[in-house]
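Novice: First the structure, then my questions, so here it is.
The values are calculated or read from the model by the stated rules, or taken from the named source; none is laboratory data. Since the structure is predicted, the reported quantities are computational estimates derived from the model, not experimental observations. Cβ atoms come from the backbone with ideal geometry, glycine included; neighbour counts cover every protein chain shown. Side chains included, ligands, DNA and RNA excluded: accessible areas come from the protein's heavy atoms. Shrake-Rupley method; radii C 1.70, N 1.55, O 1.52, S 1.80 Å.
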Amino acid sequence: MRTDYEGFTYPEVDLSTCVQCGLCKKACPIINADSNSNEMLHYPAYAAFADTEDVRLRSSSGGIFTLLAENVLHKGGMVFGAAFDDEFMVSHIGIEHIEEITRLQGSKYLQSRIGNTYYEAKVALDAGRQVLYSGTACQIAGLKGYLKKEYPNLLTLDVLCHGVPSPKVWNRYLRSQEVLHNGHVRRTFFRHKKYGWKTFAVLFEFANNTAYEQVLSKDLFMQMFLQNLCLRPSCYACAFKKKNRVSDITLADFWGCDSVCPELDDDKGLSLVLCHSIMGRTVFKAIEEKIVMEPVSLEKALYGNPSLVKSCKKPEQRDAFMMQMDSLMIPQLAQGYLKKPSLSSYIKQLIPMPLKRTLKRFLKG
């Protein structure tokens, strides 16, 4: 794997040793994107959250992943997902114990390095153990290409992906925070819920017992990420943005829930759940007693979650931003390229959720 000047890694073939077997093409998730997708089964979408508040608050949305993971681990299975390493980069790991789930909880807005986890999952599957493998849709497609066959004991779950930002941008941002706070980061938490689920609040805790916490409108990394300035080039034309997914279950934040199912919108986190296979539907039903949920139409779910089927747009300034990453400090980059949030969006973040609902009812009635 080679890392380019933007910080993204790409595979490089050693042509002097290649035997032209064609296995890379057979396993490639992009070349085989259409053949790997599940046939669209017309299950309803669901708005759902865990009925245990602690599980919900430790999760970025509704805590459904935690319940699915617990279900697999209680049966002696393995769960694979993304976790921060000691350098606060993200890698996939496999866990076998309930207490390890905390490492996999929460959003991590970085591309996760798969490492040896496809092989580890195959070993567990061949041994007859149940496996839950979670990741982005392209990572699930990569797993399917690696395994080359279906396993009845495999549950795949894709987490709806906006796109993956440059690890180089993230690393520079993290180091800048350490300089500002005169201490090494010891914990990061994207999307913590101190100010509510919808604020996209970021929390860093440092070794010197100081902390940084900020909402989206004031955090530079989250703005650069969500304004699409530092995404991997392939994310602007993602082959996996479609209704027919390669996974058994798709999980996402249920944006737009205030219009679709306002009675479930208490700003503590709500998941959108899409089942794409009989396996996915069966496993989701197995945790129904532990969740609060409501079926919704796929059309209504798509209204607030276009990332299910549409790639994010590449900004005109994106390439210039990446070219200047090495010569400018993070605040200078942000000042030169970030669009300032509108006054209306800033005001919306300041209004408490109960007041928002009251205003909506007043305006409607």
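Novice: Using DSSP, restrict attention to beta bridges with both residues in the chain and report what percent are antiparallel, rounded to the nearest 5.
Specialist: On the way: 33 of 45 bridges.
Antiparallel bridges: around 75 percent, rounded to the nearest 5.
Novice: May I pose another question? Run down the aspartates and glutamates and flag those whose C-alpha is under 20 Å from the C-alpha of Lys241, throwing out any fewer than 8 positions away in its chain.
Specialist: List returned: Asp34, Glu39, Asp158, Asp253, Glu299.
Novice: Sticking with this one: Can you put Trp255, Trp197 in order of accessible area, largest first, using a 1.4 Å probe? Can you show the working numbers first?
Specialist: Details: Trp255 70, Trp197 5 Å².
Most to least solvent-accessible, the answer reads Trp255, Trp197.
Novice: Can you give the accessible area of Glu99, probe radius 1.4 Å, in Å² rounded to 10?
Specialist: Probe radius 1.4 Å; accessible area of Glu99 about 130 Å².
Novice: Label Asp319 and Ala127 with points 7 Å out from Cα along Cα→Cβ: what is the distance between them in nm?
Specialist: 4.9
Novice: At a temperature of 37 °C and a viscosity of 0.692 mPa s, determine how fast segment 205-311 diffuses translationally according to Stokes-Einstein, using the Kirkwood radius over alpha-carbon pairs as Rh; express D in µm²/s, rounded to the nearest whole number.
Specialist: Details: Rh = 16.6 Å.
The diffusion coefficient I find is 198 µm²/s.
Novice: Once you've got the Cα coordinates, tell me which of Lys108/Lys290; Lys268/Lys290; Lys75/Lys268 are over 21 Å apart.
Specialist: From Lys108/Lys290; Lys268/Lys290; Lys75/Lys268, over 21 Å: Lys108/Lys290; Lys75/Lys268.
Novice: Moving on. Sort Phe254, Phe65 from largest to smallest accessible area, using a 1.4 Å probe on the heavy atoms of the protein chains.
Specialist: Of Phe254, Phe65, the descending order of accessible area is Phe65, Phe254.
Novice: Averaged per residue, what accessible surface does the chain expose to a 1.4 Å probe, in Å²?
Specialist: Result: 51 Å² per residue.
Novice: Provide the solvent-accessible area of Tyr119, counting protein heavy atoms only and rolling a 1.4 Å probe, rounded to the nearest 10 Å².
Specialist: Tyr119 exposes around 140 Å² with every protein chain in place.
Novice: Given a 1.4 Å probe and heavy atoms of the protein chains only, how would you sort Arg232, Arg172, largest accessible area at the top?
Specialist: Arg172, Arg232
Novice: Evaluate E = 1/(1 + (r/R0)^6) for Lys310 and Thr9, where r is the Cβ-Cβ distance and R0 equals 25 Å; express this FRET efficiency to the nearest 0.05.
Specialist: The calculated FRET efficiency here is 0.45.
Novice: Of the labelled options (i) 22.9; (ii) 17.5; (iii) 19.9, which one gives mean projected area of the Cα convex hull in nm² as computed for this structure?
Specialist: Calculated mean projected area of the Cα convex hull in nm²: the matching label is (iii).
Novice: Additional query: Leaving out ligands, DNA and RNA, what percent of the accessible area of segment 178-229 is carbon and sulfur, probe 1.4 Å? Walk me through the intermediate numbers first.
Specialist: Details: 1200 of 2280 Å².
Accessible surface attributable to carbon and sulfur in segment 178-229 totals 53 percent.
Novice: I'd like the accessible area for Asp319: 1.4 Å probe, protein heavy atoms, all chains in place, Å² to the nearest 10.
Specialist: Roll a 1.4 Å probe over it and Asp319 shows about 70 Å².
Novice: Please give the charge dipole size of segment 95-153, origin at the Cα centre, charges +1 on K and R Cβ atoms and -1 on D and E Cβ atoms. Round to the nearest 20 debye.
Specialist: So the dipole magnitude of segment 95-153 works out to roughly 280 debye.
Novice: Assuming R0 = 22 Å, what is the FRET efficiency of Asn208 and Leu57, from their Cβ-Cβ distance, to the nearest 0.05? Don't jump to the answer; show the numbers that get you there.
Specialist: Details: r = 26 Å, r/R0 = 1.19.
For Asn208 and Leu57, the calculated efficiency is 0.25.
Novice: Separate question: Between Lys218 and Arg2, what length comes free when the chain is fully extended (0.36 nm per residue of separation minus the Cα-Cα distance, one decimal in nm)?
Specialist: Taking 0.36 nm per residue and subtracting the Cα distance, the gain is 74.4 nm.
Novice: Rounded to the nearest percent, how much of the accessible area of segment 230-301 (1.4 Å probe, protein heavy atoms only) is carbon and sulfur? Walk me through the numbers before you get to the answer.
Specialist: Numbers: 1580 of 2800 Å².
Answer for segment 230-301: carbon and sulfur cover 56 percent of the accessible area.
Novice: Put +1 on the Cβ of each Lys and Arg and -1 on the Cβ of each Asp and Glu in segment 200-292; which of Val215, Val202, Phe240 then has its Cα farthest toward the positive end of the dipole?
Specialist: Farthest along the dipole direction, towards plus: Phe240.
Novice: For the chain, what is the mean residue ellipticity at 222 nm derived from helices alone (per DSSP H run of n ≥ 4: -39500 (n - 2.57); sum divided by total residues; nearest 500 deg cm²/dmol)?
Specialist: Mean residue ellipticity at 222 nm (helix-derived): -8500 deg cm²/dmol.
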